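Structure, as structure tokens:
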Amino acid sequence: MHIPDGFRLSVHDRAEHVATLLIDRPAKRNALSADMWRSLPGILEPLAADPQVRVLVLAGAGGTFCSGADISEVAGLSEGDDATGLTVAAERALARFPKPVIAMVEGFCVGGGCQLALACDLRLAAAGARFGVTPAKLGIVYPLSSTRRLVEHVGPSAAKLLLYSADLIDAGHALRIGLVDELLPAEELAERVYGLARTMAGRSQLTLAASKEIVEGRAGDDRFREWQKASRDELAEGVAAFLERRPPRFTWGR
């Protein structure tokens, strides 16, 4: 697996099955280089196949989540490797990751950073975080998939306000419009994120994977029946554990 400069990958605790992908470019406020955008799908692919990883946390180093794409590189990209194509491919890979992904947001979450955060399943933020969708400052047409995802989370009017103004909003505003799922004091954020991740890692991975497909509209009737059939052993273990008053020992995907 190629981990480019600017990313750090660690498994928070192998016994807890939680991995952290850290955006680590503090000198650039964690703006992603073209190589970082390009490499993200390849970083995620082996994590998706690794049974030891059940939950992924996406975070930023140095008190900032991500300030977007590194604008200094945009003008130098060739037509066949445009910035929009790179960001959409990375966003799509993150959104299609088959396991829960939690964005742990501190500081700025702007432009492409907001694009990545919205591709995660959940966004938990520190009270001082700031959010912005800023393509109007650069004359960029925001990608179709990114715009649709933004509208799905915050609604048409809030999406228009973010896109039209390109202004930054505070974390309280982001919580009110649905851009953020939970807001916590900065000193409590990591404890809550990793506590939630550990909880998810202990649940039925079949239930989580099926729920993700169904909630996102990627599972039709045939796929739903496949999930139901696959759940028989998990259900038997879940019921037995409940009756025996012990933690369940789910085995699907492990």
Helix 221-230 against the longest principal axis of the chain: what's the angle in degrees, Cα atoms only, rounded to the nearest 10?
50 degrees
Show me, for the stretch 162-174, the HN-Hα J-couplings you get by feeding each phi into the Karplus relation (A = 6.51, B = -1.76, C = 1.60, θ = phi - 60°), rounded to Hz, glycine and proline as x.
5, 6, 5, 7, 6, 7, 7, 10, 7, 5, x, 4, 4
Residue by residue through the stretch 92-107, which ³J(HN,Hα) values in whole Hz follow from phi under the Karplus form 6.51 cos²θ - 1.76 cosθ + 1.60 (θ = phi - 60°), with glycine and proline marked x?
5, 4, 5, 5, 8, 4, x, 10, x, 10, 10, 8, 9, 9, 10, x
Expressed in nanometres to one decimal, the distance between label points 7 Å along Cα→Cβ at residue 145 and residue 229 is 2.9 nm
Using amide H atoms built 1.01 Å from N in the peptide plane, name the residues 5+ places from residue 31, or on other chains, whose amide H lies under 5 Å from its own.
67
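Assuming R0 = 22 Å, can you tell me the calculated FRET efficiency for the pair residue 24 and residue 186, based on Cβ-Cβ distance, to the nearest 0.05?
E(calc), rounded to 0.05, equals 0.75.
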Would you mind listing how long the stretch 119-200 runs along its three principal axes, going by Cα atoms, in whole Å with the largest first?
40, 24, 20
Report, for the chain, the % of DSSP beta bridges that are antiparallel, rounded to 5.
25 percent
Compute the acute angle (0 to 90°) between the alpha-carbon long axis of helix 205-215 and the principal axis of greatest extent of the alpha-carbon atoms of the chain; round to the nearest 10°.
50 degrees
Counting sequence-distant residues (5 or more places) and residues on other chains, those with an amide H built under 5 Å from that of residue 20 are 10, 11, 12, 57
Check the straight Cα-Cα distances from residue 229 and name the lysines below 19 Å, setting aside those fewer than 8 residues away within the same chain.
212
For helix 232-244, report the angle its Cα long axis makes with the longest principal axis of the Cα atoms of the chain; keep it between 0 and 90° and round to the nearest 10°.
70 degrees
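Expressed in nm to one decimal, what extension gain is obtained for the pair residue 173 and residue 138 from 0.36 nm per residue of sequence separation less their Cα-Cα distance? It would help to have the intermediate numbers written out before the result.
On the way: separation 35, 0.36 × 35 = 12.60 nm, distance 2.37 nm.
The residue 173-residue 138 span can extend by a further 10.2 nm.
Apply 1/(1 + (r/R0)^6) to the Cβ-Cβ distance of residue 239 and residue 214, taking R0 = 22 Å, and write down the FRET efficiency to the nearest 0.05.
Numbers: r = 22 Å, r/R0 = 0.98.
Efficiency computed from Cβ-Cβ geometry: 0.50.
Computed from the coordinates by the stated procedures, all read-outs in this text should not be read as laboratory data. Everything numeric here is computed off the predicted structure, so don't read it as measured data. Methodologically, a virtual Cβ is constructed for each residue, glycine included, from the backbone with ideal geometry; neighbour enumeration extends over all protein chains shown.
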